[in-house]
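The values are calculated or read from the model by the stated rules, or taken from the named source; none is laboratory data. If you're wondering where the values come from, they're calculated on a predicted model, not measured in any experiment. So basically every Cβ, Gly included, is an ideal-geometry build from the backbone, and we count neighbours across all protein chains shown. We work out accessible area using only protein heavy atoms, side chains counted, and drop any ligands, DNA or RNA first. Shrake-Rupley method; radii C 1.70, N 1.55, O 1.52, S 1.80 Å.
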Amino acid sequence: MAPAYSWTAHRRHGTSSTKDMHLNMSENNCPFEERDRDRLPPILNHSLDRGPKLPFPSYGSFISTLNHKRESGSHSFSSPLLLPAVKQVRELPPICPDVRQKHRISIDVLPPEVKARFVSEPIIPIRTKTVKEFQDDVERATISGDWKHVHDFYLTTFDSFLELNGAFKKEANAPYNTIEDSGINIKFVNIVYDALLHTPADTQRSVLKGIINSLLREWKGPRTKDDLRAYFVLVQNPQYTSPATYVIYAHLLRQIAALAEADHHFLMHWFKKLPQKRFKQLVERLQLFITTRLFPAKPEELPPMAKCSWWIPSATKVLSLLNGANSISSPAIIPFTDFYNLTLDHIDFMEDYHTFTFCQFPFILSTVVKKAIIQRDSEQQMISMARQTLVDKVSRRQRVDMSLLFLNIKVRRLQLVSDSLDELSRKRADLKKKLKVTFVGEAGLDMGGLTKEWFLLLIRQIFQTDYAGNVTTTLSSDWLEPYPFISLQFIQYRWSRKAGGVCQVCESFQLCILNPICQLMGLAVYNSITLDIRFPPCVYKKLLTPPIVPCDLDTPVGMATLTLDDLQQIMPDLAHGLGELLSYEGNVEEDFYTTFQVFQEELGVVKSYNLKPGGDKIPVTNLNRKEYVQLYIDFLLNKSIYRQFTAFYHGFHSVCASNALMLLRPEEVEILVCGSPNLDMGSLQRVVQYEGYSKTDPTIRAFWDVVLAFPLELQKKLLHFTTGSDRVPVGGMADLNFKISKIDVSTDWLPVSHTCFNQICLPPYKSKKELRQKLTIAISNAEGFGLE
């Protein structure tokens with residue numbers, strides 16, 4: 001009923017103004033006498049095209065026109081009258097000079113009660129209540145039980161946007177038109193909202209009614225900065241935690257979401273200034289709103305979904321403003337994972353992926369959902385490739401071999417690196433097919449376990465630091481600085497395939513090293529395998545710049561915007577020195593005496609590079625040192641290794657190209673490649689499945705006592721023994737589907753595993769000591785597959 005009343009009152013006001021205008025005109029206009037009327041030319045009805053009916057002008061605009069004519073010295077309306085949609089209208093003659101002057105309309109002769117006010121900018125009311133005075137009022141009300149003064153404060157403050165500004169703006173009529181300062185007294189806002197939750201129910205209801213009236217105001221034209229400040233205050237209201245307030249909350253979010261992009265820019269920067277606690281509460285309220293709308297505990301408390309389909313998009317868009325504020329903050333206000341809505345893990349994300357709703361705001365989707373989307377996308381690509389191969393064979397009337405539907409890799413354990421890279425090189429056209437691995441001379445059948453074993457051993461040999469002692473002496477080049485962990489064995493293998501120091505395939509030894517490494521990374525992500533691999537965080541930023549391979553081969557790739565923190569991960573000493581330069585309080589130009597030119601040693605030759613045109617002649621000063629540092633970082637991590645990283649980039653995307661990569665942050669790509677870093681055996685114990693045993697059996701109790709007491713290295717070996725990999729999947733231990741089965745054999749046997757099914761089979765050992773001994777032997781000698 002409140003909205004109808006508000007709109008009706010507004011219309012009544014407008015009608016009253018129009019009526020007054022007609023009345024005043026009839027009282028002041030002098031009617032023409034008959035002889036004057038006869039002088040007017042006849043108006044032909046058929047010559048008028050009346051067109052659409054137009055509203056009467058307001059009385060204020062009518063008087064303003066008269067004033068303008070009077071001030072300009074015009075004493076007669078000699079300008080032709082402009083009528084809308086009028087055809088062939090003959091100009092009326094001027095008013096006869098003998099018309100009496102006293103009958104002319106003048107603002108000076110109108111009585112005061114009918115003079116219209118000129119439209120002006122709204123004036124914010126001056127509110128003088130301080131934080132201390134408000135706190136004293138609340139304290140007195142709490143003791144006495146008389147909440148009248150507090151109630152009146154809330155009733156007035158939340159009555160309109162102007163009153164909100166009057167109460168919380170630092171200076172009522174100061175502009176505050178910058179992104180750096182909202183002009184709002186945040187401390188006062190927080191105190192008022194904290195006290196609100198402890199006021200009587202009628203006070204809390206009055207606040208909600210005031211918000212309703214403010215939101216129902218009829219807006220015309222763009223919002224002012226004071227309007228933005230009102231939205232900024234209202235969205236922090238802690239009352240929006242109950243479904244009873246969700247209709248109001250939804251309309252507030254809708255209006256904020258509909259603001260112009262420039263207004264969103266201001267709000268985003270103002271959100272950035274909020275204290276961490278308040279910022280996190282805002283995020284949590286929005287997440288709860290989205291969750292409750294998707295999965296309401298009591299559906300009858302909310303309107304039908306069909307009538308409020310705009311709720312979730314509006315809330316998600318406002319949440320994106322907070323995510324943007326968090327992203328531009330250094331350091332971030334809260335972890336990016338706090339923006340995940342874990343309830344979305346239970347929706348049909350593939351349908352959502354193809355309709356692009358939540359996927360337009362990927363920050364809200366957890367890594368589990370994104371991995372599942374990428375995995376489903378990869379499976380569809382695998383099926384498409386297999387179908388194409390099958391169609392080609394049938395169309396040529398050739399015999400169909402089912403092995404053609406897979407990427408089949410056959411390797412010898414003793415020549416694992418060379419065999420693997422040769423196979424990948426020969427079968428480059430099949431990289432998009434499902435991977436199957438065979439170890440020559442072993443009877444293992446790959447149902448997933450052999451693939452994980454192959455990746456684990458291959459990556460270990462390529463990146464294992466035991467082999468990397470002479471890497472930088474063999475190749476003293478700056479491009480290898482970000483990748484100092486590539487093993488000498490791998491480099492020697494690639495060198496053996498070159499002629500005269502240049503690779504026969506890609507004509508560059510550097511590209512020849514980096515391309516297959518990133519192909520392996522892409523192949524792992526494509527086949528949902530996690531790797532024990534460690535790259536600096538900036539590598540993943542560069543891999544997503546851009547996330548989709550450009551159609552134009554000349555488009556630069558890997559040119560990410562990197563910071564001093566990224567350089568710190570690779571060259572900590574240099575990053576520390578540049579940080580000292582930025583914070584130096586003396587005269588940089590005189591004390592450092594450096595220019596926008598850097599020097600690097602490449603294969604024993606020192607070369608100089610200008611960071612900008614004419615850089616060798618531009619001194620670094622206190623004013624331009626930030627530019628110098630940024631250009632230096634860009635040179636080291638982008639420009640100086642561009643050609644090498646281009647091969648790295650294309651190697652990864654040659655296998656893992658997917659539109660779903662647009663959903664990922666660099667940190668999430670790292671998790672997809674490397675898995676979760678947290679090895680929590682306690683979590684595994686809670687989700688493990690048993691077959692032939694129960695969790696209370698003595699053998700099982702002894703097993704967990706032993707495993708939980710293992711050092712981290714043995715725990716990783718147990719994981720490798722059972723699953724084929726020592727990495728924790730993206731979803732954590734719960735996603736392992738770990739199973740412990742009973743095997744009725746002699747206790748002299750060692751435990752047996754089925755890595756394809758993440759299953760370990762335990763004989764019924766009689767003691768904890770015996771179980772520890774047999775399990776340690778088994779997991780410490782877990783390479784190779786065989787049949788008993």
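Looking at the structure I just gave you, is L416 touching a Ser or Thr at 6+ places or on another chain (Cβ under 9 Å), part of a helix (DSSP H, G or I), without any contact (Cβ under 8 Å) to a residue 60 or more places away in the chain and not acidic (D, E)?
no
For the stretch 628-639, the condition holds for at least one residue, the condition being that it is touching a Pro at 6+ places or on another chain (Cβ under 8 Å) and either among the aliphatic types (A, V, I, L, M) or surrounded by 14 or more Cβ atoms within 10 Å (Cβ to Cβ) (or both). The residues of the stretch 437-448 that are more than 15 Å from A524 (Cβ to Cβ) and at pLDDT 80 or above, listed by number, are T438, F439, V440, G441, E442.
Looking at L567, L523, L543, L562, just one residue is of a type outside the set (F, W, Y), modelled with pLDDT of 85 or more, surrounded by 18 or more Cβ atoms within 10 Å (Cβ to Cβ) and more than 30 Å from Q630 (Cβ to Cβ), and that residue is L523. Note on the stretch 677-788: enclosed helices (runs of 4 or more DSSP H) holding 3 or more residues that are over 23 Å from G449 (Cβ atoms) are 698-709, 768-780. Selection of the stretch 665-701 for residues being open to solvent by less than 20 Å² (accessible area, probe 1.4 Å), over 30 Å from P751 (Cα atoms) and at pLDDT 90 or above yields E668, V669.
The condition of being over 15 Å from T776 (Cα atoms) and either open to solvent by 20 Å² or more (accessible area, probe 1.4 Å) or of a type outside the set (K, R) (or both) holds for S725. Taking every residue in the stretch 636-657 that is touching a residue at least 60 places away in the same chain (Cβ under 8 Å) and within 16 Å of V669 (Cβ to Cβ) and pairing it with any residue that is open to solvent by less than 20 Å² (accessible area, probe 1.4 Å) and part of a loop (DSSP other than H, G, I, E, B), at least 6 positions away or on another chain, the pairs with Cβ-Cβ distances below 6 Å are F645/G558; Y649/V557; Y649/G558; V655/L431. When the residues of the stretch 125-175 are filtered to those that are among the hydroxyl-bearing types (S, T, Y) and at pLDDT 90 or above, the one that is farthest from Y193 (Cα to Cα) is S144.
From the list A560, A575, which residue is within 17 Å of Y642 (Cβ to Cβ) and touching a helix residue (DSSP H, G or I) at 6+ places or on another chain (Cβ under 7 Å)? Criteria check complete, one pass: A560.
Residue count for the stretch 372-390 satisfying the condition of being in contact with a helix residue (DSSP H, G or I) (Cβ under 7 Å, 6 or more places away or on another chain) and open to solvent by less than 40 Å² (accessible area, probe 1.4 Å): 7. In the set (1) aromatic (F, W, Y); (2) in a helix (DSSP H, G or I); (3) open to solvent by 40 Å² or more (accessible area, probe 1.4 Å), the condition left unmet by Y249 is number (3). Of the residues that make up the stretch 422-433, is at least one assigned to a helix (DSSP H, G or I), small (G, A, S), more than 25 Å from T723 (Cα to Cα) and touching a residue at least 60 places away in the same chain (Cβ under 8 Å)? Taking every residue of the stretch 422-433 in turn, at least one turns out to be assigned to a helix (DSSP H, G or I), small (G, A, S), more than 25 Å from T723 (Cα to Cα) and touching a residue at least 60 places away in the same chain (Cβ under 8 Å). Of all positions in the stretch 595-618, at least one carries a residue that is at negative phi, in contact with a Gly (Cβ under 8 Å, 6 or more places away or on another chain) and either part of a loop (DSSP other than H, G, I, E, B) or among the aliphatic types (A, V, I, L, M) (or both).
Pairs meeting the criteria (first residue in the stretch 708-733 and within 21 Å of T367 (Cα to Cα), second residue aromatic (F, W, Y) and crowded, with 22+ Cβ neighbours inside 10 Å, beta carbons under 9 Å, at least 6 apart or on different chains) are S725/F455.
In the stretch 164-200, the qualifying residues are those that are open to solvent by 40 Å² or more (accessible area, probe 1.4 Å) and closer than 15 Å to T130 by Cα, and the one that is farthest from the chain's Cα centre (by Cα) is E171. Selection of the stretch 412-427 for residues being modelled with pLDDT of 90 or more, crowded, with 16+ Cβ neighbours inside 10 Å and farther than 21 Å from F652 by Cβ yields L416, D419. A single entry from E580, E590, E585 fulfils the requirement of being in a loop (DSSP other than H, G, I, E, B), more than 29 Å from the chain's Cα centre (by Cα), without any contact (Cβ under 8 Å) to a residue 12 or more places away in the chain and more than 30 Å from K716 (Cβ to Cβ): E585.
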